[in-house]
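A short write-up of the structure that comes next.
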Amino acid sequence: MSSSTESPALNESTTEPKRVKVQSRNEPFSARASTRIWAEQPSSDNPYIAIGALCHGYDLFELMDKRSFVDVFYLLFRGELPSAAETQLLQTLMIALINPGPRHPATRAAMNVGVGKTNPLHILPIASAVLGGEYQGGGEVENAMRFLRKYQKTNPSDFLKQHPADLQTLAPDVDVSDQSGDETPTSPTPGFGKRHGGIDLMAAEIAERLIKLEAAGEALKWGDEFAKTLAPSGSGWFITGVAAAVFADLGFQPKAGGALFQLLGAPGLVAHGLEVANKPITAMPYVSDANYTIER
Amino acid sequence: MLLNNQATNSDLDIIDYLDQRRGKVISNTGGWFPGKGVFSHGYSMLEELVGEKSYFQILILNATGKLVEKPLADWVEAIYGCLSWPDPRIWCNQIGALAGAARTSVVAATTIGAMAADSRSYGPRTRLEGVKFIQGALKQYKNGVTPQEIVAAAAAKTRGKPYIVGYIRPIAKGDERIEAMEKVSKQLNLSAGEHMALAYQIEQVLIEKYDERMNINGYVCAFLSDYGFSGQEMYQMFAGMVASGVTACYLDTYKRPPDTFLPLRCDDIDYQGTARRQVPD
């Protein structure tokens, strides 16, 4: 434990500039918010009530009649309707990501919310915030998309030759050596690494199936080769890497990738939270005092 | 289900490490043991902290592991008062106002408002960059780089005005909170050190060359750097810094009829997208 209570030593006189009255910059803020996504058409006698909505130019009612949810989901973010092959790739990924599973920290958060008798409406914002983390979450997806963008023209074996030091620290999910750091280290290969000490077989299989689809592109293919190159060392695809590769192949920007990952995992989070919401608080483990150690 | 014949090439030591931790909490911080007490960073909370130390001393202890003297905790408390204003035009506060308009719970509104302040432009996260700047600048200064050169280097990066985190406040020029905090520092008899001295020198350069000034983030980063805090520690101790203003903005709209906070007509949104088109079959 350290204490920082002493006054710091002055090595020179601290002279504060004369303070003046604060002035507004009168910055030119827009008079109206703008969007390229959605237009609501007002009714003739009440400008607050809409009679229709366009999504990137398409009438919402017409989309309801003619298109699948996945098509409109893609349209919303990309501005154009997807091809059949793109729909297939996105829908397959959406099914793969529908539940991060009851061991994921985000799902565990959802279950804590549920069993703790928290307002069920809080399950989604709480758990999806956890699913935004930089480990096995949206933050990692964004980083992985940037990683793929940077290296997908580099031969995976060459990458490993060029980054020998990184290989040694390749996404260690358990770092027993250092707990003193101010910040947690970031992975040199976001979206790829060791999970629970080895290859994440589920992520590998999901990638294997996605790669066979018509719309699979360069990112998925490079990731697959990269994962195979890593395999002997017990590393491979993370599910965040798989999601990143599909988002990249579908033309999404890295900044969108993290939030999309949160969205696509949301159903599982909510389902698990609701499942325990009516159960007694004893329905989930509570660590005994005997199993609780304070390291000091 | 996969056939169970695929190798994970796992590291057995890691599996062992995980197995040893199943069902156990190992805390570097503290815990509550009914009948024995509550502990935080080596202190018995109910015997040594509650009633003995101020809430902000406990907050800083929980956030950084450091138990500071009361005047410094009072200083941080005063800063909190500067960072949370009940004006719904401020982005995080507007989340509170919208949440009130939409009738969420006050806790949801307050916490998501605090989350909204996790921004690159304002809020606690800016401590990271602010501290990086002033601590880096001090190292340079000690190596003989002048404040003028430090500002010039920042200006070269942006090819114009030097947009240094901790200086040049958005929306307004100047920062009235610094003056208020300078008074607080004097009242509490807290002297600043070399980071603050350099921060003022840099401000002086900005005033003379660009008619721009330090903002409250620059002031906090320099001041607390002088008291040995890192940027990450400041990020941690200011995590909830805007919460109170968000609550205030929530209440204001919660008490009014729904749909009346900044009401929008359909055409108050400027649609700039593709013109109407037919959905292909």
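The values are calculated or read from the model by the stated rules, or taken from the named source; none is laboratory data. These figures come from a predicted structure and were not determined experimentally. So basically every Cβ, Gly included, is an ideal-geometry build from the backbone, and we count neighbours across all protein chains shown. The area values use the complete protein model at the heavy-atom level, side chains included, leaving out ligands, DNA and RNA. Shrake-Rupley method; radii C 1.70, N 1.55, O 1.52, S 1.80 Å.
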Which three lengths, in whole Å and largest first, does the stretch A:33-123 cover when its Cα atoms are put on their principal axes? 50, 38, 26
Excluding B:Gly100 itself, calculate the net charge of residues whose Cβ lies under 11 Å from the Cβ of B:Gly100, where each Lys or Arg counts +1 and each Asp or Glu counts -1. +2
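Note the buried accessible area between A and B here, summed over both chains, with a 1.4 Å probe, in Å² to the nearest 100. If you can, show how the numbers build up before the last one.
Details: alone 19650 and 18160 Å², together 30530 Å².
That pair hides around 7300 Å² of surface in total.
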Comparing the chain by itself with all protein chains present, which residues of the stretch A:29-60 are at least 50 Å² less accessible (probe 1.4 Å)? A:Arg32, A:Thr35, A:Arg36, A:Pro47, A:Tyr48, A:Gly57, A:Tyr58
Residues in the stretch A:260-296 that, when all protein chains are in place, have 50 Å² or more less accessible area than the chain alone would give (probe 1.4 Å): A:Asp289, A:Asn291, A:Tyr292, A:Ile294, A:Glu295, A:Arg296
Could you pull the Rg and Dmax for the stretch B:1-146, using just the Cα atoms, both in Å? 22.8, 67
Extension gain, A:His196 back to A:Arg103 (0.36 nm per residue minus Cα-Cα distance, nm): 32.3 nm
Could you provide, to the nearest whole Å², the per residue accessible area of chain A with probe 1.4 Å? 54 Å²
On the full set of protein chains, 1.4 Å probe, figure out the accessible area of A:His196 and give it in Å² to the nearest 10. 80 Å²
222 nm [θ] for the protein assembly as shown, helices only, -39500 (n - 2.57) per DSSP H run of 4+, per residue, to 500? -14500 deg cm²/dmol
Just give the residues from the stretch B:194-212 buried by at least 30 square angstrom of accessible area in the all-chains context relative to the isolated chain, probe 1.4 Å, and say none if nothing qualifies. B:Glu194, B:Ala197, B:Tyr200
Amide H within-cut-off set for B:Gly30, under 5 Å, with H built and near neighbours excluded: B:His41
If I ignore ligands, DNA and RNA and count only protein heavy atoms, how much of B:Ser27 is accessible to a 1.4 Å probe, in Å² to the nearest 10? 20 Å²
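Hey, could you get me the Stokes-Einstein D for the stretch A:231-296, Kirkwood radius over alpha-carbon pairs, 37 °C and 0.692 mPa s, rounded to whole µm² s⁻¹? Mind showing how you got there, number by number?
Working: Rh = 15.9 Å.
Estimated via Stokes-Einstein, D reaches 206 µm²/s.
Among DSSP bridges having both ends in the protein assembly as shown, what percentage is antiparallel? Round to the nearest 5.
On the way: 19 of 27 bridges.
Within the protein assembly as shown, antiparallel bridges account for around 70 percent of the total.
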Using 10 Å bins from zero, what percent of all Cα-Cα pairs in the stretch B:49-88 falls into each bin? 31, 48, 18, 4
Give me the Debye-computed log₁₀ of I(q)/I(0) at q = 0.08, 0.10, 0.11 Å⁻¹ for chain B, equal point scatterers on Cα only, no solvent, two decimals. -0.52, -0.75, -0.85
Could I have the simple spin-label model distance between A:Lys66 and B:Leu2, label points 7 Å from Cα toward Cβ, reported in nm to one decimal? 4.2 nm
Heavy-atom accessible area order for A:Trp222, B:Trp85, largest first, 1.4 Å probe: B:Trp85, A:Trp222
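Count the net charge of all other residues whose Cβ sits under 13 Å from the Cβ of B:Ala275, scoring Lys and Arg as +1 and Asp and Glu as -1.
Numbers: positive: A:Arg36, B:Arg276, B:Arg277; negative: A:Asp59.
Once positives and negatives cancel, what remains is +2.
Restricting things to alpha carbons, find the Rg to Rh ratio for chain A using the Kirkwood radius for Rh.
Working: Rg = 24.5 Å, Rh = 22.8 Å.
Checking Rg against Rh, the ratio lands at 1.07.
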Report B:Val107's accessible area, 1.4 Å probe, all protein chains in place, as a number in Å² to the nearest 10. 90 Å²
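Could you order the peptides A:51-61, A:226-236 from most to least packed, using the average number of other C-beta atoms within 10 Å per residue?
Numbers: A:51-61: 17.3, A:226-236: 20.1.
In decreasing order of mean packing, A:51-61, A:226-236 become A:226-236, A:51-61.
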Taking Cα atoms of the stretch B:179-281, Rg/Rh with Kirkwood Rh, to two decimals? 1.24
Set the Förster radius R0 to 51 Å, insert the Cβ-Cβ distance between A:Lys150 and B:Tyr210 as r into 1/(1 + (r/R0)^6), and round the FRET efficiency to 0.05. 0.90
Can you tell me the Rg and the Dmax, both Å, for the Cα atoms in the protein assembly as shown? 26.8, 76
Kindly provide the pair-distance distribution of the stretch B:93-182 built from C-alpha pairs, with 10 Å bins from 0 and whole-percent values in order of increasing distance. 14, 31, 31, 15, 8, 1
Taking amide H positions as placed in the peptide plane 1.01 Å from N, state which residues far from A:Gly52 in sequence (5 or more) or on other chains have amide H under 5 Å from it. A:Gln41
Which of the residue pairs A:Lys194/A:Lys279; A:Lys21/B:Lys209; A:Lys150/A:Lys194; B:Lys70/B:Lys186; B:Lys66/B:Lys142; A:Lys150/B:Lys157 have a Cα-Cα distance greater than 25 Å in the structure shown? A:Lys194/A:Lys279; B:Lys66/B:Lys142
Show which aspartates and glutamates lie in cross-link reach of B:Lys255 when reach means a straight Cα distance below 17 angstrom and same-chain residues fewer than eight apart are skipped. B:Asp87
Measure off, as a whole percent, the carbon and sulfur share of the 1.4 Å-probe accessible area of the stretch B:130-226, all protein chains present. 52 percent
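As a test, work out the antiparallel percent of DSSP beta bridges whose residues both lie in chain B, rounded to the nearest 5. Don't skip to the answer; put the middle values down first.
On the way: 7 of 8 bridges.
Counting only bridges with both partners in chain B, antiparallel ones make up about 90 percent.
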Near A:Leu89, within a Cβ-to-Cβ distance under 10 Å, what is the net charge of the other residues, with Lys and Arg +1 and Asp and Glu -1? -3
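Where the accessible area of the stretch B:1-96 is counted over protein heavy atoms with a 1.4 Å probe, how much of it, in %, is carbon and sulfur? Could the numbers behind the result be given before it?
Working: 3090 of 5730 Å².
Within the stretch B:1-96, the accessible surface is 54 percent carbon and sulfur.
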With x for Gly and Pro, the residue-by-residue ³J(HN,Hα) of the stretch B:75-87, computed from phi through the Karplus equation 6.51 cos²θ - 1.76 cosθ + 1.60 at θ = phi - 60° and given in whole Hz, is 5, 5, 4, 5, 4, 3, x, 7, 9, 9, 10, x, 10
So with the 1.4 Å probe, I'd like the accessible area per residue for the stretch B:46-141, rounded to whole Å². 48 Å²
